Amino acid sequence: MSTSPFNFGLLIEAEDLVPFLGHEKLRIVDLSRNSVYEQLHLPHALQLKPSMLLRQDEDTSGLLPELEALQDLIQYLNISPEHHVVAYDDEGGAWAGRFLWNLHCLGFEQTSLLNGGIHAWLAASLPTTAEVDVLPVVEQRLKVDLTQAAKVRIEYDQLIELVNNQQIQLWDCRTVDEYTGLRLAARRGGHIPHALHYEWSTALNRQNHLKLRTLEHIQQRLQQLGFDFSQPVVVYCQSHHRSGLAYILGRLLNWNIRAYDGAWSEWGNRPDSPIVTGEKPL
């Protein structure tokens, strides 16, 4: 088995990526808005539109795509099992995190989130380009395999059983108005019973180019809110976009974390799912 030339963790700083720009086994993926990518992006970065990460099913808007669509995604990414994928965006890491979660569902873990994304890269005065690379086709493409997906993903039927039996810790990372039910983004508003609230963007330091606050700070705040890091947790938002970053945070904190990709667009639109409104978990 070949040794990876990269010694990247799940979170990588801009300066640590620079020496590897142009490496044949490195795939940099940009999930910024189209207007940003066209103007500037990291050298050799491949643009990926978030729509390729999602499947819509009736009212549910953020599901993991079916096998065929995931195969199309891997073909587009043009990656082999030997590649390392670094993802970034222009919003602090939500879409980039969601993308990495999709790869983790396939059992592909050679992945890193660029801390602060394009904002931190520009703040460090690192090189950018408007040019789009034509990538040579990879011969041995990564095979799409969903046998590992249940390690990082949970679906409605399993989640409702755990919720009804009070056997799961839940992290709602939407806005407080969505959590309380004040803002409706589905037929019904509120949150899943027992869910604790910590908004995803709270983890970002807006005075430091949208880099993450220290993991110690984030962990301490989550513990103050009542989260137990010795117990598994399920995270959700509206469509598993914002919870993309929350999922990555959980992994960085060595938490046993899964994402509920049905999210509130499924839970809040079902007529039979239990819902709590107001500021308290129950």
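Could you tell me whether any residue of segment 152-159 is surrounded by fewer than 18 Cβ atoms within 10 Å (Cβ to Cβ) and among the aromatic types (Phe, Trp, Tyr)? Explain how you work it out, then say what you get.
Going through segment 152-159, the residues surrounded by fewer than 18 Cβ atoms within 10 Å (Cβ to Cβ) turn out to be 155-158.
Still in the running and among the aromatic types (Phe, Trp, Tyr): 156.
Yes, segment 152-159 has at least one match.
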Across segment 124-171, the tally of residues that are polar (S, T, N, Q), over 26 Å from Tyr260 (Cβ atoms) and out of contact with any strand residue (DSSP E or B) (no Cβ under 7 Å at 6 or more places or on another chain) stands at 2
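In segment 248-282, how many are within 21 Å of Gln166 (Cα to Cα), under 19 Å from the mean Cα position of the chain (by Cα) and not in a loop (DSSP other than H, G, I, E, B)? Outline the logic, then answer.
So in segment 248-282, the residues within 21 Å of Gln166 (Cα to Cα) come out as 250, 255-264, 266-268, 270-282.
Subsequent filtering for residues that are under 19 Å from the mean Cα position of the chain (by Cα) retains 250, 255-264, 266.
From what's left, not in a loop (DSSP other than H, G, I, E, B): 250, 257-259, 263-264, 266.
Total satisfying the criteria: 7.
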Flag if Val235 is part of a helix (DSSP H, G or I), aliphatic (A, V, I, L, M) and modelled with pLDDT of 95 or more: no
Quick count over segment 160-175, residues being over 19 Å from the mean Cα position of the chain (by Cα), surrounded by 16 or more Cβ atoms within 10 Å (Cβ to Cβ) and part of a loop (DSSP other than H, G, I, E, B), is 1
Counting only residues in segment 1-21 that are part of a loop (DSSP other than H, G, I, E, B) and at pLDDT 95 or above, the one surrounded by the most Cβ atoms within 10 Å (Cβ to Cβ) is identified as Phe8
Given (1) surrounded by fewer than 19 Cβ atoms within 10 Å (Cβ to Cβ); (2) touching a residue at least 12 places away in the same chain (Cβ under 8 Å); (3) assigned to a loop (DSSP other than H, G, I, E, B), Ala186 misses just (1)
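The values are calculated or read from the model by the stated rules, or taken from the named source; none is laboratory data. This structure is a prediction, so every number in the text was calculated from the model and none was measured. Glycine gets a Cβ as well: all are built from the backbone with ideal geometry, and neighbour counts include every protein chain shown.
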